[in-house]
Amino acid sequence: MNSPETHRLALLGGDPTVRTPLPTWPVLSDDEVAALGEHLRRARTDSTYLTSIFGSGPVVEFERAVADYFGAPYAVSTNSGWAALHTALVAVGVRPGDEVIVPAYTWPQSVSCVLQQGAIPVFADIDPETYTLTAETAEKCLSPATKAIVVVHLYGQPADMTRMMAFAEAHGLAVIEDCAQATGAMHRDRHVGTIGTVGCFSIGSGKQIVGGEGGFLLTSSEEVRHRAIAMSQHPQRHRVDLPGGYAVPDGFLPTYRMHPVAASICAAQLPKLRRWNDERIVNLRALSLALEGCPGIRPAAESTFGRHVYHLYCPTFVPEELPGLSRDRYVEALIAEGAPVRIGYVRTPLHLRKEMRERKYLAPGFPWNLGSRDVHYAAGDCPVTEDRCARTDISVFLGANAIGDQSALVGEIAAAFWKVARHHRELLEPAHSQR
Ligand SMILES: *Cc1c(COP(=O)(O)O)cnc(C)c1O
């Protein structure tokens, strides 16, 4: 650290601070390879084994394993997190024209599942610390047409479910937990996904455990489970799982069945979930500690009621502490230092995206024309989300991949933030810093 180049910002010709490569994710050990081999060997002599049509084989074993692991009475597997969300909406009885409260700050698939059902999203604001919906923000969106709420445990941080459930129960609303980024997160002493009416998970490539692609839902309601199976699985499976002639839509179904290979890989990862999440927490708390007091950045918060399992690390830019420096320039300087950062994850609040402002999804006016009242979206609807997206959102690509000991990388990333903070004036007048 004594050459003059290490003291000069990399953006202005100095040496970059971060040299340790980002860890790769997912990690596939011999366990996953062995499990998959075993399943393929069994499929050689059982022609029905490698399909999820019949309600047997690796997919059903996986459903039992996740239900056990999370302490949920029932699990239903799907081929993506999005398919689990759509299935959940159908299973709790959301119909075309109903309204569903959703966050304006999330991955858009938390909302496209609502649109796909012909239901109307009503966007609620987030809590500035946890970036999740609250009972208070949701309450502002309530109307006689409200049927359900999609609560997203964004970046792995649990929303405040105690107050959310009280609010939902008071108004007879179903609660769908989008846990796609929060597998293994806890709300007080319960796993997220077991608190609402249904919990939906993804095992896609960047999530806490991975099957390649896939998803599943958890519920304690037998009726929801029946409706979820009836809606998402092959009619052959209905014979096994829906005894008593539960009304099924025959073959008029989407193909949402999970691939057995995904089930098999992910089942082998499940026993490692707790250790991996522990390691993520250690690594990212170390980053928070190292960023404490650094001008211009506020570390990602952890709530007092939840176990945050860090799908992504999202601190907050504080422009007031680095006067005159734009977030774009700040992020540009960090990237030049080799820091794995980018300007926020959401960028444009969902209610202000073109499709929402123009009320056009798949066809003009759809699904808003099915509603009982005119739902429109405008700037100012969700001020916390809008301000975060416009000025302060930042994300660090360290989260699901932060397993093992990442202290070297964490130290370098923190050093990059400190270096940019110390030298921020040079970014205001690049010519001046050449000396
Ligand atoms: C990944 C993700 C989804 C969708 O999961 P897929 O398995 O990719 O379909 C939904 N919601 C959130 C918040 C996600 O991060």
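The values are calculated or read from the model by the stated rules, or taken from the named source; none is laboratory data. Please read all numbers here as calculations on a predicted model, not as lab measurements. Positions of Cβ are backbone-derived with ideal geometry, glycine not excepted, and every protein chain shown enters the neighbour counts.
The table for this structure:
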item	result
Residues of the range 67-115 that turn out to be within 14 Å of the ligand (Cβ to nearest atom) and in a helix (DSSP H, G or I), as a count	16
Residues located in the range 1-43, provided they are more than 30 Å from CYS266 (Cβ to Cβ), hydrophobic (A, V, I, L, M, F, W, C) and at pLDDT 95 or above	LEU9, ALA10, LEU11, LEU12, VAL18
Complete set of residues in the range 24-66 that are outside any loop (DSSP other than H, G, I, E, B), out of contact with any strand residue (DSSP E or B) (no Cβ under 7 Å at 6 or more places or on another chain) and crowded, with 16+ Cβ neighbours inside 10 Å	GLU32, ALA35, LEU36, HIS39, ALA43, PRO58, VAL60, ALA65
Single residue of ALA339, ALA421, ALA400, ALA379 found to be outside any helix (DSSP H, G or I) and in contact with a Gly (Cβ under 6 Å, 6 or more places away or on another chain)	ALA400
Failed item in (1) hydroxyl-bearing (Ser, Thr, Tyr); (2) more than 16 Å from the ligand (Cβ to nearest atom); (3) in contact with an Asp or Glu (Cβ under 9 Å, 6 or more places away or on another chain), with THR132 passing the rest	(2)
Hey, LEU273 farther than 20 Å from SER202 by Cβ, away from the ligand (no atom under 16 Å from the Cβ) and among the hydrophobic types (A, V, I, L, M, F, W, C) or not	no
Hits in the range 164-204 - residues which are farther than 19 Å from ASP68 by Cα, within 8 Å of the ligand (Cβ to nearest atom) and assigned to a loop (DSSP other than H, G, I, E, B)	GLN181
Within the range 160-191, tally of residues that are within 25 Å of PRO271 (Cα to Cα) and either buried (at least 22 other Cβ atoms within 10 Å of the Cβ) or without any contact (Cβ under 8 Å) to a residue 40 or more places away in the chain (or both)	12
Out of ALA10, ALA83, sole residue that is of a type in the set (Gly, Ala, Ser), in contact with a strand residue (DSSP E or B) (Cβ under 8 Å, 6 or more places away or on another chain) and buried (at least 17 other Cβ atoms within 10 Å of the Cβ)	ALA83
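Yes/no per residue for (1) within 26 Å of the chain's Cα centre (by Cα); (2) buried (at least 17 other Cβ atoms within 10 Å of the Cβ); (3) within 16 Å of the ligand (Cβ to nearest atom); (4) not aromatic (Phe, Trp, Tyr):
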{"site": "HIS234", "(1), (2), (3), (4)": "no, yes, no, yes"}
{"site": "ALA263", "(1), (2), (3), (4)": "yes, yes, yes, yes"}
{"site": "THR304", "(1), (2), (3), (4)": "yes, no, no, yes"}
{"site": "GLU321", "(1), (2), (3), (4)": "no, no, no, yes"}
